[in-house]
1. Tell me the accessible surface of E146 in square angstrom (1.4 angstrom probe, heavy atoms of protein chains only), to the nearest ten.
2. Find how many whole Å separate the alpha carbon centroid of the stretch 224-284 from the alpha carbon centroid of the stretch 1-26.
3. Between L205 and E171, with labels modelled 7 Å along Cα→Cβ, what's the label distance in nm to one decimal, could you check?
4. Given R₀ = 30 Å, FRET efficiency for S2-S233 by Cβ-Cβ distance, to 0.05?
5. Determine how large the accessible area of S34 is when every protein chain is in place; take a 1.4 Å probe and give Å² rounded to the nearest 10.
6. Could you work out how far apart the two model spin labels at K26 and E130 are, taking each label as a point 7 Å from the Cα in the direction of the beta carbon, and quote it in nm?
7. Among R35, R251, R210, determine the one that fluctuates most according to a GNM of the chain built with springs between C-alpha atoms less than 10 Å apart.
8. With N denoting the number of residues in the stretch 181-259, provide Rg(C-alpha) divided by 2.2 N^0.38 Å, to two decimal places.
Amino acid sequence: MSDLSSPNWFTEQCENTGLALSLRIKHKVVEKHSRFQKIEIYETTDFGYLMVIDGCTMVSTRENFLYHEMMAHPALFTHPNPQNVVIIGGGDCGTLREVLKHDSVNAVHQVDIDALVTQMAQTYFPELCERNQDPRAHLIYDDGIEFMHKTLPESLDIIIVDSTDPIGPGEGLFNRAFYTSCLNALRTDGILVQQSESPILHQKLIKEMRQAMLEVGFSDVQTIPFPQPIYPSGYWSCTLARKDGEFGEFRQSDAETFSKQTEYYNEAIHQAGMRLPSFLKKVL
Ligand code: SAM
């Protein structure tokens, strides 16, 4: 067995949660620095390519479908007729690909601060970028905080915040000012969905996000946990917030038909995802 500190392993070490996650690698393919962050690509022995930003795992070839499907479909199937979608972050284009599977969608603006993430995804994760030429897709390179601040009121159906962790350029995407901009930009049926870290490791963050969303005026919130092998703890979540009304019903039969196009998401996963495990119910 090889030593985890050897160059054969990439390790994300999470000092503040007392946990590390390692993937065995063949080699580091490339390392680039943008104005915003350090982006590395590794070739792993078992998970395909791996993208790492500022030392944190982002995407692997083998299992990214879990995250990208859950960031997109629960929100899109809760909305009665999603047409205008904005993705903040998401530069690897995996969430964009999932959103574009929905025929009701007329336009998706993906706003990532860093063009280099998308350039590297096009090279090493071309399957995630396969719908980038869809005429409904608009790729913008800008700060998502400023973009949402400038967005016309009541102009969007879904906002998906597919960002890095709340440090560095992603920090300002997890606060009341940003949620207020999102609330204003959404139409009445609108839904905000944000990646909300690990339900095991980051309960305080999830609780604070949910409180902040409700405090700025969202009418209901729903956290959905899902498996994610390459993120610390192997267990991740997204949190949805509705501008009006409550979570409960969703377009179940549409989701059932749609599941031919997905690897993980289906109507039963959606239904079960909305029933929080007891430990989370107690702490959120
Ligand atoms: N799935 C990932 C995770 O949860 O670890 C997120 C992947 S995606 C590559 C994250 C993206 O958020 C990065 O491409 C980064 O450039 C972008 N990002 C971070 N802060 C941003 C901001 N303020 N505005 C727009 N994009 C931002």
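1. 100 Å²
2. Spelled out, the Cα-based centre of one part sits 29 Å from the other.
3. For the pair L205/E171, the computed spacing is 1.4 nm.
4. Numbers: r = 23 Å, r/R0 = 0.78.
For R0 = 30 Å, the calculated efficiency reads 0.80.
5. Taking all protein chains as shown, S34 has close to 30 Å².
6. 2.1 nm
7. Of the options given, R35 has the highest mean-square fluctuation.
8. Working: Rg = 13.8 Å, N = 79, 2.2 N^0.38 = 11.6 Å.
Computed over Cα atoms of the stretch 181-259, the ratio equals 1.20.
The values are calculated or read from the model by the stated rules, or taken from the named source; none is laboratory data. The structure displayed is predicted, hence computed values, not measured ones. When we count neighbours, we look across all protein chains shown, and the Cβ atoms used for this are built from the backbone with ideal geometry, even at glycine. All accessible areas refer to the heavy atoms of the entire protein, side chains included, with ligands and DNA or RNA removed. Shrake-Rupley method; radii C 1.70, N 1.55, O 1.52, S 1.80 Å.
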